[in-house]
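The values are calculated or read from the model by the stated rules, or taken from the named source; none is laboratory data. Bear in mind the structure is a predicted one, so any value in this text is a computation, not a measurement. Cβ placement follows ideal geometry from the backbone for every residue including glycine, while neighbour counts extend to all protein chains displayed. The protein model used for the area step is the full one, side chains on, heavy atoms only, and it has no ligands, DNA or RNA in it. Shrake-Rupley method; radii C 1.70, N 1.55, O 1.52, S 1.80 Å.
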Amino acid sequence: MIKQWVIPDIHGYLETLKALIEDKIKPSRSDTIYFLGDYIDRGPDSKGVIDYIIELQQDDYQVRTLRGNHEDYLLRTYDNENAGKNFLGINFQNNLRKEWFKYGGKETLKSFGVSNVHEIPEHYIKWMRNLEYFIPLDHYILVHAGLNFEIQDPFTDKESMLWIKSFKVDPLKIESRKVIHGHVPVSLEFITMLKSTNKYKYIDLDNGIYMPHKAGFGNLVALELTSMQLEVQPNVDNQ
């Protein structure tokens with residue numbers, strides 16, 4: 001059986017991602033892995049996470065990648081610093097960069113061995129710009145954060161796809177599909193309940209990989225869409 005695995009927010013935890021893929025889900029090249037975004041920030045090796053996913057793609061694994069709000073943070077900082085330079089090429093103030101740094105931007109720059117976002121090699125920036133915003137499947141909509149069901153067509157609001165914190169699914173606007181997303185950390189117990197019932201029209205898969213000391217959190221999970229098999233990998237980068 002061809003499997004479809006969904007993996008949410010990785011946040012720079014490369015060794016945990018490798019353990020999940022290589023020891024737990026062990027995908028074949030006919031399987032598909034869907035990543036829900038937030039590859040970077042907070043954890044120790046954001047660059048390594050991107051390199052690993054690119055290697056999977058180059059090694060003929062079926063991989064599709066969504067953009068998360070943390071990639072959006074980086075790209076906005078990158079573009080803002082270009083636009084904000086004065087005639088001497090000096091950027092005296094970049095509030096967006098300060099905000100990004102609060103949520104893990106410094107760790108990302110460190111993983112690249114640079115001190116400025118513009119020192120990140122261009123092919124990584126291009127890779128992030130090419131990330132998808134959502135992926136429609138037969139029974140599911142895959143998206144990083146969620147959808148804005150307050151408007152007629154939720155698929156026109158890209159900002160909400162990256163940043164929305166709460167939403168109420170209107171099945172009629174997405175052809176009765178279920179929304180699968182990350183972005184907001186929830187407990188492992190809650191994830192297990194969501195994937196085991198049809199009562200809710202969404203499944204949040206983010207277990208807060210960067211919170212290993214909080215009970216019920218700190219794991220990276222993968223959900224197989226056909227069988228609803230859930231694989232759970234505890235954080236091994238912080239050991």
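Here are the numbers:
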read-out: Residue in the range 157-167 that is open to solvent by 70 Å² or more (accessible area, probe 1.4 Å) and more than 20 Å from the chain's Cα centre (by Cα) present; value: no
read-out: Some residue of the range 188-209 being among the hydrophobic types (A, V, I, L, M, F, W, C), at pLDDT 95 or above and touching a Pro at 6+ places or on another chain (Cβ under 9 Å); value: yes
read-out: Pairs where the first residue, in the range 220-237, is farther than 21 Å from Val184 by Cβ and the second is of a type in the set (Ser, Thr, Tyr), C-beta under 9 Å, 6+ apart; value: Val236/Tyr13; Val236/Thr16; Asp237/Tyr13; Asp237/Thr16
read-out: Where a residue in the range 159-175 is in contact (Cβ under 8 Å) with a residue 60 or more places away in the chain and its partner, wherever it lies, is part of a helix (DSSP H, G or I), with Cβ under 7 Å and at least six apart; value: Leu162/Asn69; Leu162/Asp72; Trp163/Asn69
read-out: Conditions (1) touching a strand residue (DSSP E or B) at 6+ places or on another chain (Cβ under 8 Å); (2) over 13 Å from Leu36 (Cβ atoms): number failed by Asp204; value: (2)
read-out: Selection count where residues are over 17 Å from Asp38 (Cα atoms) and touching a residue at least 12 places away in the same chain (Cβ under 8 Å), scope the range 184-197; value: 8
read-out: Residue pairs meeting the criteria (Cβ under 7 Å; at least 6 apart or on separate chains; first over 15 Å from Arg42 (Cα atoms), in the range 71-82; second open to solvent by 30 Å² or more (accessible area, probe 1.4 Å) and modelled with pLDDT of 95 or more); value: Leu75/Arg129
read-out: Ile10 vs. criteria modelled with pLDDT of 95 or more, aliphatic (A, V, I, L, M), over 19 Å from Ile180 (Cα atoms) and in a loop (DSSP other than H, G, I, E, B); value: no
read-out: Filtered residues of the range 180-197 (kept if over 20 Å from Phe134 (Cα atoms), in a loop (DSSP other than H, G, I, E, B) and in contact with a strand residue (DSSP E or B) (Cβ under 8 Å, 6 or more places away or on another chain)); value: Val186
read-out: Matching option when the condition is modelled with pLDDT under 95 and open to solvent by 40 Å² or more (accessible area, probe 1.4 Å), among His139, His118; value: His118
read-out: Subset tally (residues that are open to solvent by 10 Å² or more (accessible area, probe 1.4 Å), among the hydrophobic types (A, V, I, L, M, F, W, C) and farther than 26 Å from Trp163 by Cβ) for the range 1-24; value: 3
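Rundown of residues vs (1) touching a residue at least 12 places away in the same chain (Cβ under 8 Å); (2) open to solvent by 10 Å² or more (accessible area, probe 1.4 Å), yes/no style:
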position	(1), (2)
Lys26	no, yes
Ser30	yes, yes
Ile33	yes, no
Leu36	yes, no
Asp41	yes, no
Ser46	yes, no
Asp51	no, yes
Glu55	no, yes
Val63	yes, yes
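Each row is one residue, and each column tells you yes or no for (1) in a loop (DSSP other than H, G, I, E, B); (2) at pLDDT 95 or above; (3) among the aliphatic types (A, V, I, L, M).
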| site | (1), (2), (3) |
| --- | --- |
| Tyr52 | no, yes, no |
| Glu55 | no, yes, no |
| Asp60 | yes, yes, no |
| Arg64 | no, yes, no |
| Leu74 | no, yes, yes |
| Glu81 | no, no, no |
| Gly89 | yes, no, no |
| Phe92 | yes, no, no |
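For (1) surrounded by 15 or more Cβ atoms within 10 Å (Cβ to Cβ); (2) under 17 Å from the mean Cα position of the chain (by Cα), each residue gets a yes or a no:
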position: Val169; (1), (2): yes, no
position: Ile174; (1), (2): yes, no
position: His183; (1), (2): yes, yes
position: Thr192; (1), (2): no, no
position: Tyr202; (1), (2): yes, yes
position: Gly216; (1), (2): yes, no
position: Met228; (1), (2): no, no
position: Val236; (1), (2): yes, no
